[in-house]
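The values are calculated or read from the model by the stated rules, or taken from the named source; none is laboratory data. Everything quoted here is computed from the prediction, not taken from an experiment. When we count neighbours, we look across all protein chains shown, and the Cβ atoms used for this are built from the backbone with ideal geometry, even at glycine. Areas reflect the complete protein model, heavy atoms only, side chains present, ligands, DNA and RNA absent. Shrake-Rupley method; radii C 1.70, N 1.55, O 1.52, S 1.80 Å.
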Amino acid sequence: MPSFHEPLNHNNREIRVLELNPASDTEDAIRCNLKTVPLAKEPEYFALSYVWGDSYGQQSISVNGTPFQATRNLCTALRRMRNDAFPVTLWIDAICINQDDNEEKSRKIRMMRDIYQSAAIVIIWLGERDIDSYKAMETLFATAKIGKNPNLQENFKQELILHGLQQDGVLTALGKFFQRPWWNRVWVIQEAAVAQRAMFLCGDKPLDWRCFLDTYLLWTEVLRRAVQSNQLSPTLQYLKHIIDGTSARVIMWQHVRMHQPAGLSQLESMYGLQGMLEESWNFDSTDPRDKVYAWLGLLIDTDIAIEPNYDATPTQVYAALVKTFLEREQSLRLIAFTGSAVREARPLFEGLPTWAPDLRRDARGIAEHAPYWLRPKSYTASADELASATISDDLKSLETDCLMLGKIDSSEGCANEMKVNDVEDTLCHLLYFALSRTSTVASSAVPLHDTLFRTFVYYWDDQHLGLSAERYQSQQLDMQHMMLGYMAYIGYLDRVQDHLEASHTQAAQDTKVYLFRTIEVRDPTTGETSRTAVLGSATDTLPKMIRPAWLTSRVSRAGDSYGDTVGRSSSKPTLSDYENFVRFFQLFGMDTTNSSENDSYICLWRDFLSEHDCSWTRDMQDWPHKSDSLKTMLSTLKNRVQRFNVRFATVSQRKAFFHTDSGYFGLGLKPTRVGDYVCILRGCSVPLIVREQDGNGRFEVVGQCYVWGAMYGEAIVRMSEKNQKWESLTFV
């Protein structure tokens, strides 16, 4: 143990603080001294919130005259905070806690909230500044200033904020700013959330925490209004991606939660330890166990109490976490984040069961590999059923009640990296995959077209969380926008197949037409490839058909068989064609004449026309061309198609679309395969893909899945009418 770490009197709640000696030159050696003080005496100090960084390039500093190896990032921060005339008193975890003493570390975990809450200022060190960070911080400051100006009308404020975001390079700078490593460190959530006052420091440029908080809330309001008015421009879409898709959202809401007036319990109900863990996969920690321990200071008194123990292995900590929730809350909700399909982090934790989560960020690869993940708090697959399970004393096996929904009999994989350009082919494949199986899911009350939409967008309903009606309505409005885009795009895709079929037929009939095309040729001796022009038939140059031949008779149009290409127009459909909706309704056998008052999709289509002063025509023959708002309507329609496409591309990456022998459709992780089972664990809020191990009657968890018709307890409610019972399975 280094000599400068004198033993602490934990009964007196003693801490060490660091006095950073002054220096006139930035490059002077860093010298500091530790001293011990009782926290109860309210010592004055600044607490540093920063990223440790890796051990490469460590530098030696002097602590009480003893050399101490500090990371480069810490040394840079110390040089920036050092004064040239008087000492600066700091609290820095890497130095003030004896990192070689597991007992001391465990004790100080319990005090971390008080240490940061008692600091005069929490200094958030973001690293050295660059052009982008300067531009981002200036934008944050200017936006907060606009929001505080009492002389500006709200609409004008919104215009000024949007104008600022549209300036050259601002969005790029903001994106890079919120991707700086500090935002992804799990400890910073607590450090920033409990601070009485905080300040960002990027190089030599400071920014008050309040500027970030005020600006973030202003951006949230701008986006809310834009969604409600259907004015979500590309600029605002990018902004939405920044603030919803980065860790800044979690940090900001935890700060709001910790500083809200007494009696406002809405955020408390959402952020117990399980809820916090569900939010934390985007965050890193040097020690994997800190993915649990870093949250303990944010818990309310009634939540689960967990004692930090740095003598336990990460495998023991993670498996024991599941057992704690099972025994204290009769919940298995955390298993929604587990499975053999989400074991990407290295090194692998020896002996970690498939039912226990690997909480490291790289384990799921949520940021890089599977950008969209089911949030257990948004679903209630097992209804209000409490877990009925036991975990072995050695933390190796779980025996629990399960409801089997079916065995996967076919599946279709999606691309690892879904770009918007890939959406067309992927959706076509999945559409025809579904149409070739059945017209409804296992629940006959849910039609196929609705099942596909909700699966493609991972539909959720947060009303059970008790959120404000305004927030719930905004969510549902966004879903309706995507639903309209889905209808238009599915019909468009099938009509594109018409166009291709007609083109192939025409090309085949004209056998004299030959076209030059370019191909890649590989030299067998060198392995190098080159491109060369060859002569081929016209049909060889056309895109391949995706629609199976037998599906061409599914829909009959007035006066024209679906499969008859004779006399069909060779012009390619566009996204704004009225016929796209006609085809959508025909594909799924929907009667637009008799069902318009009952089916939500037809009602939505009718309401969309009415919103744009267009009369509803039950024969669905054509756009009402005389409408003055036709141009606006078509522009709106294209935006909603884009909204659906972006959501689908995000949701479907590294996923597999599947069908079960019981009639369910669903979307699971890429390793899902034929022969796997779909089940609901009692006390778990989302369905799971599970796999039977060879010959021993035990199962492994593969990963979570989305199965519309079973996400909100529907399968549990139908158990009695289907004469189904819970069955006990053992997982390892």
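Local charge sum around Leu352 (other residues, Cβ-Cβ under 9 Å, Lys/Arg +1, Asp/Glu -1)?
-1
So with the 1.4 Å probe, I'd like the accessible area per residue for the stretch 131-259, rounded to whole Å².
Values: 5550 Å² over 129 residues.
Averaged over the residues of the stretch 131-259, the accessible area is 43 Å².
Between Arg72 and Leu217, how many nm apart are label points set 7 Å from Cα along the C-beta direction?
Distance between label points: 3.9 nm.
Could you sort the peptides 278-286, 676-684 by per-residue average Cβ neighbour count (10 Å cutoff), highest mean leading? Mind showing how you got there, number by number?
Details: 278-286: 19.7, 676-684: 24.3.
Result, highest mean Cβ count within 10 Å first: 676-684, 278-286.
Using 7 Å Cα-to-Cβ label points, what is the Ala142/Arg180 separation (nm, one decimal)?
Using points 7 Å along Cα→Cβ, the separation is 1.9 nm.
Write down the radius of gyration of the stretch 34-97 and its Dmax, each obtained from C-alpha positions, in Å.
Over the stretch 34-97's Cα set, Rg and Dmax evaluate to 12.5, 38 Å.
Less than 14 Å Cβ to Cβ from Val222, Lys/Arg counted +1 and Asp/Glu -1: what total charge do the surrounding residues give? Kindly include the intermediate steps, with their values, before the conclusion.
Values: positive: Lys157, Arg224, Arg225, Lys240; negative: Glu154, Glu159, Asp214, Glu221, Asp244.
Value of the local net charge: -1.
Under a plain spin-label model, where a point goes 7 Å from the Cα along Cα-to-Cβ, how far apart in nm are Arg437 and Asp384?
Going from the Arg437 label point to the Asp384 one covers 3.2 nm.
Can I get the semi-axes of the stretch 10-119's equivalent ellipsoid? Compute them from the C-alpha gyration tensor as square roots of 5 times the eigenvalues, in angstrom, largest first.
Details: eigenvalues 107, 56, 29 Å².
Computed over the stretch 10-119, the values are 23, 17, 12 Å.
Two decimals is fine: what's Rg over Rh for the stretch 276-365, C-alpha atoms, Kirkwood radius as Rh? Intermediate results must be reported in sequence, preceding the final value.
On the way: Rg = 12.4 Å, Rh = 13.4 Å.
Here the Rg-to-Rh quotient is 0.92.
Which of the lysines could a cross-linker bridge to Lys377, judged by Cα under 29 Å and excluding same-chain residues fewer than eight apart?
Partners found: Lys240, Lys291, Lys323, Lys396, Lys407, Lys419, Lys655, Lys670, Lys722, Lys725.
For Lys631, go through the lysines and keep the ones whose alpha-carbon is under 24 Å away, minus same-chain ones fewer than eight residues off.
Qualifying lysines at Cα under 24 Å: Lys572.
Kirkwood-based Rg over Rh for the stretch 111-202 (C-alpha set), two decimals? Present the calculation step by step, with values, prior to reporting the outcome.
Details: Rg = 15.7 Å, Rh = 14.9 Å.
My calculation of the ratio gives 1.05.
Quick one: grab Rg to one decimal and Dmax as a whole number for the stretch 131-259, Cα atoms only, in Å.
14.3, 41
Give the carbon-plus-sulfur fraction of the accessible surface of the stretch 131-259 in %, rounded to a whole number; probe 1.4 Å, heavy atoms of protein chains only. Spell out each step's value before the answer.
Details: 2960 of 5550 Å².
Whole-percent figure for carbon plus sulfur exposure: 53.
Find out how many positive minus negative residues lie around Gly709, taking Lys and Arg as positive, Asp and Glu as negative, among other residues whose Cβ is under 10 Å from that of Gly709. Each step should come with its number before you reach the end.
Working: positive: Arg454, Arg718; negative: Asp450, Glu714.
With Lys, Arg at +1 and Asp, Glu at -1, the neighbours total 0.
What FRET efficiency comes out for Asn11 versus Met545 if R0 is 51 angstrom and r is the Cβ-Cβ distance? Round to the nearest 0.05.
So the FRET efficiency works out to roughly 0.05.
With every protein chain present, what is the per residue accessible area of the stretch 10-119 (1.4 Å probe, Å²)?
Details: 5330 Å² over 110 residues.
About 48 Å² of surface per residue is accessible.
Out of the total accessible area of the stretch 651-732 (probe 1.4 Å, heavy atoms of protein only), what percent is carbon and sulfur?
On the way: 1240 of 2840 Å².
Using a 1.4 Å probe with all protein chains present, the stretch 651-732 comes out at 44 percent carbon and sulfur.
Mind grabbing the base-10 log of I(q)/I(0) for the stretch 655-706 at q = 0.15, 0.29 Å⁻¹? Debye formula, identical points on the C-alpha positions, no solvent, two decimal places.
-0.38, -1.22
Pop out the carbon and sulfur fraction of the accessible area of the stretch 1-89 as a percent, whole number, probe 1.4 Å. Write out the running numbers ahead of the final one.
Values: 2180 of 4900 Å².
For the stretch 1-89, the apolar C and S fraction of the accessible surface comes to 44 percent.
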